[in-house]
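Below is one structure, written out as C-alpha cells; comments come after it.
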Amino acid sequence: MAVVPRSTEAGNIAGRVGVHTIAAPTGPLIVPAVAAGDGQPVLSLVVPTLNESENITEFLAAVRHTLDQALPGRYEVIVVDDDSADRTWEIAARLGAGFPELRVVRRQKEGGLAVAVIRGWQVARGQILGTINADFQHPPDVLGRLLERREGADLIVATRHADGGGLGDWGLARRISSWGAAQIGRWLLPQVYARVSDPLSGCYLVRREAIARVPLRPLGYKSLMELLVRGNVGGIHECGYEMRKRVRGQSKVRALHPLQYIRHVLRLRAAARARR
C-alpha cells in the first residue's frame with residue numbers, strides 16, 4: 001500500500017509575523033485519494049511561487065475574480081511557496097483574512113516547480129486538481145474556459161499550439177528554445193505528443209482519480225508529462241490561450257533547466273516502456 005505523506009495546518013505560524021501557513025508534506029510524491037463530500041471544494045488550484053512578491057497580490061485577485069464566477073464557493077487556491085527571499089509566502093498568507101478560499105504552503109529545504117505542484121495537491125481537498133503560474137504568462141481567465149470543458153475529460157490542458165493558442169510576444173530566443181524542447185519530446189515520447197498538443201504546458205486541470213496513489217517522480221519544471229506517462233489519464237480536452245511575456249519579476253528558469261528537462265524525458269521514456 002502506498003505511503004501518503006502527512007501535513008499539518010494551523011499551528012504552524014510563519015515566523016515573527018504570526019501569519020498562518022501549512023507545513024509542506026514530505027516523503028513520497030503520491031497524491032492521496034480523497035472522497036468527495038458536502039462542503040469539500042470541487043477544484044483545488046495550486047499556484048507554485050518563488051520570489052513573486054511583485055505579482056502575487058494582483059494575480060490572486062484575478063484568479064479569485066475568475067473562479068468566483070466559474071465555481072462560486074466551490075474552490076480553493078493553494079499557494080506553494082519555496083521560502084521566497086522576498087517573502088511571497090507572507091504576502092499571500094496575509095491575504096487569507098479576506099480570501100477564505102486561499103491556503104498557503106511554505107516549502108523549505110526542497111526545490112523544483114513540478115514537485116511544488118504535487119506537494120500542493122497532497123494537501124488539496126478537491127476532486128479536480130489544477131495548476132497555474134503566478135507570473136501572468138498564463139492569463140487567469142483561461143481557468144474559467146478550462147472548467148467549461150471538463151465534462152467527460154480526465155485532463156484539460158491550456159495549450160499554446162492548438163485551438164487558437166499562440167506564443168504571444170515571446171522573443172526569438174525563447175521561441176527557438178521552446179521549439180527545441182518540443183522536438184526532443186516528440187522524438188523520445190511520441191505517445192505523449194500524440195495525445196496532447198502542448199505537454200509542456202504549466203496550466204491544466206486533472207481529475208484526482210486519474211493520478212491518485214500513483215508514485216510520481218518529476219524533475220525540474222514540467223509536471224504535465226509526468227502525469228501523462230505515469231498516471232491513468234483517459235479523456236483529454238484542450239483550450240487554446242496566448243502565452244504572455246513576464247512583465248514583473250524575474251524568470252526562474254536557469255542554465256540547468258534544459259539538462260533537467262532532457263533527464264526527465266529520458267526517465268519518462270524508460271517508465272513508458274516499463275508500462276507496456
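The values are calculated or read from the model by the stated rules, or taken from the named source; none is laboratory data. What you see is a predicted model; the values in this text were computed from it and never measured. Cβ coordinates were reconstructed from backbone atoms using ideal geometry, including for glycine residues, and neighbour counts include every protein chain displayed.
Taking strands (runs of 3 or more DSSP E) as the structural unit, those lying wholly within the range 43-153 and holding at least 2 residues that are in contact with a Gly (Cβ under 7 Å, 6 or more places away or on another chain) correspond to 43-49, 75-81, 102-106. Screening the candidates Ala212, Ala162, Ala158 for the property of being in a loop (DSSP other than H, G, I, E, B), at pLDDT 95 or above and either touching a Phe, Trp or Tyr at 6+ places or on another chain (Cβ under 9 Å) or aliphatic (A, V, I, L, M) (or both) yields one hit, Ala212. Each residue in the range 155-181 was checked for being aliphatic (A, V, I, L, M) and closer than 27 Å to Gly144 by Cα, and 6 of them qualify.
The residues in the range 28-52 that are without any contact (Cβ under 8 Å) to a residue 40 or more places away in the chain and not hydrophobic (A, V, I, L, M, F, W, C) can be counted, and the count is 3.
Listed here are the residues, each with its yes/no results for (1) closer than 21 Å to Gly112 by Cβ; (2) at pLDDT below 95; (3) in contact with a strand residue (DSSP E or B) (Cβ under 7 Å, 6 or more places away or on another chain); (4) among the hydroxyl-bearing types (Ser, Thr, Tyr).
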site	(1), (2), (3), (4)
Ala181	yes, yes, no, no
Arg186	no, yes, no, no
Leu200	yes, yes, no, no
Tyr221	yes, yes, no, yes
Gly235	no, no, no, no
Glu238	no, no, yes, no
Arg248	no, yes, no, no
Ser251	yes, yes, no, yes
